[in-house]
Amino acid sequence: MSFCLLHRHLSLSYRELTQNYLPNCLHIEGIQYGAEDITILKDGLAFLSTGLKYPGLPSYSDDPGKIYTLNLFNSDLKIKALNIKGDFDKDSFNLHGISVYTDEKDGAVYLFVVNHPQANSQVEIFRFVEDENALQYISTIRHELLHNVNDIVAVGTESFYATNDHYFTNEILKFVEPFLSLPRCNIVYYSPQTVQVVAGDFLIANGVNISHDKRQVSEKNIKICTA
């Protein structure tokens, strides 16, 4: 079987898509190209990441990425762009996966954002300032194990799990990698004290989430016990 046929088989790209019409869906004005990721607080406030420019794929706009909020319990369903405060390079903001963490001590909401400035991979941490409709920049996290981050789930004010959706960092090798079908993607745990791979050998590692009891982290159908 050729590489192309094998990749089509593994990715299911040969399947025909059926057009579905969902009568209860509404079109939200204000985001021209859709949201790459959405995360929602318990009170119904959703955060949306937009403007991803993924290497090797066409870009719809040269504008930097933005974070929006949308109150799902508000009948008008209007989005609001969040201002970013602090010493942060907004011009190179290239957002991928996002996650929120609410500190039980003081109720502060932290937003974790996967960012790819100049095709690099790093995680930005912000604090949500609701009364100013803003994000206060806190810090940027870079690490050699966080080399191709796709998605993230926050588990503390400075800790998270993240998926790497490629093994190689070279752009040419990253383009070829899906055709090789090498199970080299993984999930990484990060905290100021510990950084380690907690699961691996995935053909691709995309979305990641954590159970309500905080005992299991899952990537698609794979579960990793944490407690």
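The values are calculated or read from the model by the stated rules, or taken from the named source; none is laboratory data. The structure presented is a predicted model; accordingly, all values stated were derived computationally and were not measured. Glycine gets a Cβ as well: all are built from the backbone with ideal geometry, and neighbour counts include every protein chain shown.
Would you mind telling me which numbered condition in (1) among the hydroxyl-bearing types (Ser, Thr, Tyr); (2) at pLDDT 95 or above; (3) within 15 Å of the chain's Cα centre (by Cα) TYR54 fails?
With (1) among the hydroxyl-bearing types (Ser, Thr, Tyr); (2) at pLDDT 95 or above; (3) within 15 Å of the chain's Cα centre (by Cα) applied to TYR54, the lone miss is (2).
Here is a check on your reading of the model: is TYR101 surrounded by 13 or more Cβ atoms within 10 Å (Cβ to Cβ) and part of a strand (DSSP E or B)?
When the stated conditions are applied, TYR101 passes them.
When you check VAL123 against the structure, is it at pLDDT 95 or above and in contact with a strand residue (DSSP E or B) (Cβ under 6 Å, 6 or more places away or on another chain), yes or no?
Judged against the criteria, VAL123 is a match.
Which residues, taken from segment 173-192, are in contact (Cβ under 8 Å) with a residue 12 or more places away in the chain and surrounded by 19 or more Cβ atoms within 10 Å (Cβ to Cβ)?
Hits for segment 173-192 are CYS185, ASN186, ILE187, VAL188, TYR189, TYR190.
What is the one condition in (1) out of contact with any His (no Cβ under 9 Å at 6 or more places or on another chain); (2) assigned to a loop (DSSP other than H, G, I, E, B); (3) not charged (D, E, K, R) that TYR167 does not satisfy?
Only one criterion is unmet by TYR167, namely (1).
Just one of ILE40, ILE31, ILE84 is more than 17 Å from the chain's Cα centre (by Cα) and modelled with pLDDT of 85 or more; which is it?
Result of the check over ILE40, ILE31, ILE84: ILE84.
Is it the case, given these coordinates, that LYS80 is under 26 Å from ASN209 (Cα atoms), surrounded by fewer than 14 Cβ atoms within 10 Å (Cβ to Cβ) and out of contact with any helix residue (DSSP H, G or I) (no Cβ under 9 Å at 6 or more places or on another chain)?
Taking the combined requirement at face value, the residue satisfies it.
Checking the structure you have, find out if any residue of segment 60-67 is at pLDDT 90 or above, exposed (fewer than 14 other Cβ atoms within 10 Å of the Cβ) and not in a loop (DSSP other than H, G, I, E, B).
No: segment 60-67 contains no residue that is at pLDDT 90 or above, exposed (fewer than 14 other Cβ atoms within 10 Å of the Cβ) and not in a loop (DSSP other than H, G, I, E, B).
Between ASP131, ASP151, ASP106, ASP201, which is in a strand (DSSP E or B) and without any contact (Cβ under 8 Å) to a residue 40 or more places away in the chain?
Only one candidate passes the filter, namely ASP201.
Just name the residue that is surrounded by the most Cβ atoms within 10 Å (Cβ to Cβ) out of those in segment 130-156 that are under 16 Å from VAL114 (Cβ atoms) and of a type in the set (S, T, N, Q).
Taking the candidates together, the pick is ASN150.
Could you count how many residues in segment 120-158 are over 24 Å from ILE204 (Cβ atoms) and polar (S, T, N, Q)?
Within segment 120-158, residues that are over 24 Å from ILE204 (Cβ atoms) and polar (S, T, N, Q) number 5.
Could you look through segment 157-172, keep only residues that are modelled with pLDDT under 95 and more than 16 Å from the chain's Cα centre (by Cα), and pick out the one that is surrounded by the most Cβ atoms within 10 Å (Cβ to Cβ)?
Of everything passing the filter in segment 157-172, TYR167 is surrounded by the most Cβ atoms within 10 Å (Cβ to Cβ).
One line per residue, one yes/no per condition, for (1) within 20 Å of LYS42 (Cα to Cα); (2) touching a helix residue (DSSP H, G or I) at 6+ places or on another chain (Cβ under 7 Å); (3) not acidic (Asp, Glu):
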| residue | (1), (2), (3) |
| --- | --- |
| PRO64 | no, yes, yes |
| PHE73 | yes, no, yes |
| ASP87 | no, no, no |
| GLU104 | yes, no, no |
| TYR110 | yes, no, yes |
| PHE128 | yes, no, yes |
| GLN136 | no, no, yes |
| ILE141 | no, no, yes |
| ASN148 | no, no, yes |
